[in-house]
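Below you'll find the structure, written out as structure tokens, and then a few comments.
The values are calculated or read from the model by the stated rules, or taken from the named source; none is laboratory data. Since this is a predicted model, take the numbers as computed values, not measurements. With ideal geometry, Cβ positions are generated from the backbone for all residues, glycine too; neighbour counts draw on all protein chains shown.
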Amino acid sequence: MEKDLELLNIEKNKSPVKKAMDLYNNIEEYFLIGSLMLTVLFIFYQVVMRYVFNDAPSWTEELSRYLFIWFSWLGTSLGLRQNEHIRVQMLETAFIRRGKLKSKNVLLLFIYFVWIFLTIVLTVTGFQYTETLISMNSLSAGMRIPIAYVAISVPIACLAVSIRLIARISTEFKKLIKGGVA
């Protein structure tokens, strides 16, 4: 009972930014779970239709591909949030373990700054590409939906990653200021 009250007090004392991030995290997770489930469902439907009824609709493959693109790009943000993204630890091995750099925080800051630069470039060029697709009225081959719906996944996901990276950079700066060399 005390633990429940303690959790309620913690929930009440959350900042608006923290509450907004919690809401975004939930939306992101539900979207990723839903898009993965729909992708599997559509592919299963297509396989059954093709091999059982010898009549596979083309829209299932196309829609599955588009959902997978969204899933992959937004999954990057979730991977960063949970610190389970794919990364090469070559720099860590080369600098920290060999004694050339004392703080992992400095290396992480450098990596995050490079990463945020790349995501900003991808965000800007992704929006430009999407605008081009909209102006050309490009449609998908099978379903005839605007291909911009798919292309917009890149800048939206990169924007989400950039926001998470800004939070990570802030955290690493705080650790450095406190003198924490982890």
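General observations
- Index of the failed condition, THR125 passing every other in (1) at pLDDT 90 or above; (2) of a type outside the set (Asp, Glu); (3) surrounded by 16 or more Cβ atoms within 10 Å (Cβ to Cβ): (3)
- Of all residues in the stretch 22-66, exactly one satisfies the criterion of being within 19 Å of ARG144 (Cα to Cα) and exposed (fewer than 14 other Cβ atoms within 10 Å of the Cβ), namely SER58.
- Summed over the stretch 138-182, residues that are of a type in the set (Gly, Ala, Ser), assigned to a helix (DSSP H, G or I) and buried (at least 16 other Cβ atoms within 10 Å of the Cβ) total 6.
- If you go through the stretch 76-103 and keep only what is surrounded by fewer than 17 Cβ atoms within 10 Å (Cβ to Cβ), at pLDDT 80 or above and assigned to a helix (DSSP H, G or I), you end up with just GLY79.
- Contacts under 8 angstrom Cβ, first residue in the stretch 160-180 being β-branched (Val, Ile, Thr), partner surrounded by fewer than 16 Cβ atoms within 10 Å (Cβ to Cβ) and modelled with pLDDT of 85 or more, 6 or more apart: ILE169/PHE113
Results for (1) in contact (Cβ under 8 Å) with a residue 40 or more places away in the chain; (2) within 24 Å of PHE31 (Cα to Cα); (3) within 15 Å of the chain's Cα centre (by Cα), shown as yes or no for each residue.
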residue	(1), (2), (3)
TYR51	no, no, no
TRP59	yes, yes, no
SER72	no, yes, yes
VAL106	yes, no, no
LEU109	yes, no, no
THR132	no, no, no
SER138	no, no, no
ILE152	no, yes, yes
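Residue-wise test of (1) at pLDDT below 90; (2) more than 26 Å from GLY179 (Cα to Cα); (3) not in a loop (DSSP other than H, G, I, E, B).
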position: GLU6; (1), (2), (3): yes, yes, yes
position: TYR30; (1), (2), (3): no, yes, yes
position: ALA56; (1), (2), (3): yes, yes, no
position: GLU62; (1), (2), (3): no, yes, yes
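- Residue check for GLU131: surrounded by fewer than 17 Cβ atoms within 10 Å (Cβ to Cβ) and either within 30 Å of LEU63 (Cα to Cα) or out of contact with any strand residue (DSSP E or B) (no Cβ under 7 Å at 6 or more places or on another chain) (or both): yes
- So TRP70, is it at pLDDT 90 or above, out of contact with any Leu (no Cβ under 7 Å at 6 or more places or on another chain), within 28 Å of ALA167 (Cα to Cα) and not polar (S, T, N, Q): yes
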